[in-house]
1. Among residues belonging to the range 300-312 that are among the polar types (S, T, N, Q) and at pLDDT 70 or above, point out the one that is least open to solvent (accessible area, probe 1.4 Å).
2. Can you tell which of 545, 517 is modelled with pLDDT of 85 or more and either on the phi < 0 side of the Ramachandran plot or assigned to a loop (DSSP other than H, G, I, E, B) (or both)?
3. For the range 349-389, name all the residues that are farther than 29 Å from residue 277 by Cα and loosely packed, with under 13 Cβ neighbours inside 10 Å.
4. Out of the residues in the range 138-157 meeting the condition of being out of contact with any helix residue (DSSP H, G or I) (no Cβ under 7 Å at 6 or more places or on another chain) and in a helix (DSSP H, G or I), tell me which one is least open to solvent (accessible area, probe 1.4 Å).
5. Please determine whether any residue of the range 501-514 is open to solvent by 60 Å² or more (accessible area, probe 1.4 Å) and modelled with pLDDT of 70 or more.
6. Which residue, of 331, 358, is assigned to a helix (DSSP H, G or I), among the acidic types (Asp, Glu) and without any contact (Cβ under 8 Å) to a residue 12 or more places away in the chain?
7. So the check is Cβ under 7 Å with 6+ separation or different chains; which pairs have a first residue in the range 418-439 that's of a type outside the set (Asp, Glu) and a second one that's not in a helix (DSSP H, G or I)?
8. Give the residues of the range 418-441 that are surrounded by 12 or more Cβ atoms within 10 Å (Cβ to Cβ), within 15 Å of residue 31 (Cα to Cα) and polar (S, T, N, Q), sorted by residue number.
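The values are calculated or read from the model by the stated rules, or taken from the named source; none is laboratory data. This is a predicted model, so every value here is computed, not measured. A quick note on method: Cβ atoms are made from the backbone with ideal geometry, for glycine too, and the neighbour counts reach across all protein chains shown. The area values use the complete protein model at the heavy-atom level, side chains included, leaving out ligands, DNA and RNA. Shrake-Rupley method; radii C 1.70, N 1.55, O 1.52, S 1.80 Å.
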Amino acid sequence: MATKDPTAVERANLLNMAKLSIKGLIESALSFGRTLDSDYPPLQQFFVVMEHCLKHGLKVRKSFLSYNKTIWGPLELVEKLYPEAEEIGASVRDLPGLKTPLGRARAWLRLALMQKKMADYLRCLIIQRDLLSEFYEYHALMMEEEGAVIVGLLVGLNVIDANLCVKGEDLDSQVGVIDFSMYLKNEEDIGNKERNVQIAAILDQKNYVEELNRQLNSTVSSLHSRVDSLEKSNTKLIEELAIAKNNIIKLQEENHQLRSENKLILMKTQQHLEVTKVDVETELQTYKHSRQGLDEMYNEARRQLRDESQLRQGSEDGLKEKSEIIAQLEEKTNKITAAMRQLEQRLQQAEKAQMEAEDEDKKYLQECQSKSDNLQKQISQKEKQLVQLETDLKIEKEWRQTLQEDLQKEKDALSHLRNETQQIISLKKEFLNIQDENQQLKKIYHEQEQALQELGNKLSESKLKIEDIKEANKALQGLVWLKDKEATHCKLCEKEFSLSKRKHHCRNCGEIFCNACSDNELPLPSSPKPVRVCDSCHALLIQRCSSNLP
């Protein structure tokens, strides 16, 4: 046969002791009905059991003078993993009178129980197994599943209110010995097994509902914070969307204005071009007409000059006049040529102005086209941003609706749990009533014990009558005298014998009866003194005596 691992057996034993200690502490605390103090025996035993659980598999550390094996190291690690535990660690280190690490660890356990955070602190410790491996062996209770089970059981201690004076207590020199007699079952525990099971079920349900209620409250608060953040982000998105819409409207207005200005500029430039074209055409027409007139005048002057030169041979007198006319004609021709040059210069200037105006119009048209393209691109980008913002807003709305639905479900579940807590409160009241009935039954039991003690006193007095009983036994040697071990029920009423319903022999028939069925005494032929007889024998003997009478 394969032998069991001794470390596994140790872990199982410690787990069972922790279960018994926690269960006994919760049951006794609820029946105790007030705040627990340091002198409460179940509470002292709980700390002793927790100390043994935390010491299991602890690595031995070498110091300068000796070997050190304490649980303060892993407990001190909790404040690094759980920020809320910094206060308890600082308060333990500030306590006066604590000289050893074991004393500080014991003070830490007591403060954690008063804060109702022992389960939370140890849960964050057992999760970090890589850090725990520095303090515990691989087979230690805190490194295995038993440690997680004990941490889960510690949640039930949140229903206990403890007021422990840690400051003046000597925690360094205490001896942690487990008192197993507190967890042994007696007859009263066996008789009240069903009631204890009901009480344990009610307490487990209450602890479960309180833990679930705490978790739901935390989830509801986180959902509220998420809803608030989503509402804030939603308002920001709505503001950004409004700003984007305003920017788009402004850009559209600017685009419209620029397009209208562009149209006006195009119309003005076209009108200006048309006017300049008309002016140039009129100037060209005038230039052509004036040139034709000048040509005609020049031809006429040449013709006249030719005629005059021919006539010059005829008369010298007319030569002077002709020379004057020629001079006048030359002046006219010079003026005409100067006017023609001015017209040509003006025509060139008009053509240059037309070319410059066309170039400027082309440049302006290109600038307007580039501006309109940029504005069109910006408008398209803003429209895309607007579509994206609308889709984001739609997603945010759907997410908010789902969150509101989840929040409504959580509220419904919370209301359901509140109803369950109300039912548990009513069950607690019933449990208190059952406790009162239990107290009354205990009083009746004590009264019956007192009656049994009185009965014992009477039995001690009846020892003096043993000789008479012996004589009666001698007379009844021919009868069958039953043994006490063989009789379990009364011969007449057939009820089971117990401490209150004791066994009695009938001195006439030898059968065993209860006190109620043998509470008669009569003198027998074997014993002149009255002895105990059963009801049937008493009735038979009375009948015989009455028949013998004359």
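1. As a first pass, look at the range 300-312 and keep what is among the polar types (S, T, N, Q): 304, 309-310.
Okay, now just the ones that are also at pLDDT 70 or above, so 304, 310.
On the way: 304: 71, 310: 118 Å².
Looking at the filtered set, the residue picked out is 304.
2. Numbers: 545 fails: modelled with pLDDT of 85 or more.
Going through 545, 517 in turn, the sole match is 517.
3. 373, 374, 376, 377, 380, 381, 383, 384, 387, 388
4. To start, the set of residues in the range 138-157 that are out of contact with any helix residue (DSSP H, G or I) (no Cβ under 7 Å at 6 or more places or on another chain) comprises 138, 140, 145, 152.
Next cut, in a helix (DSSP H, G or I) only: 145, 152.
Working: 145: 141, 152: 46 Å².
It comes out as 152.
5. Start the filter on the range 501-514 by keeping residues that are open to solvent by 60 Å² or more (accessible area, probe 1.4 Å), which leaves 502-503.
Subsequent filtering for residues that are modelled with pLDDT of 70 or more retains 502-503.
The answer is yes, given that some residue of the range 501-514 is open to solvent by 60 Å² or more (accessible area, probe 1.4 Å) and modelled with pLDDT of 70 or more.
6. Details: 358 fails: without any contact (Cβ under 8 Å) to a residue 12 or more places away in the chain.
It is 331.
7. none
8. 435, 438
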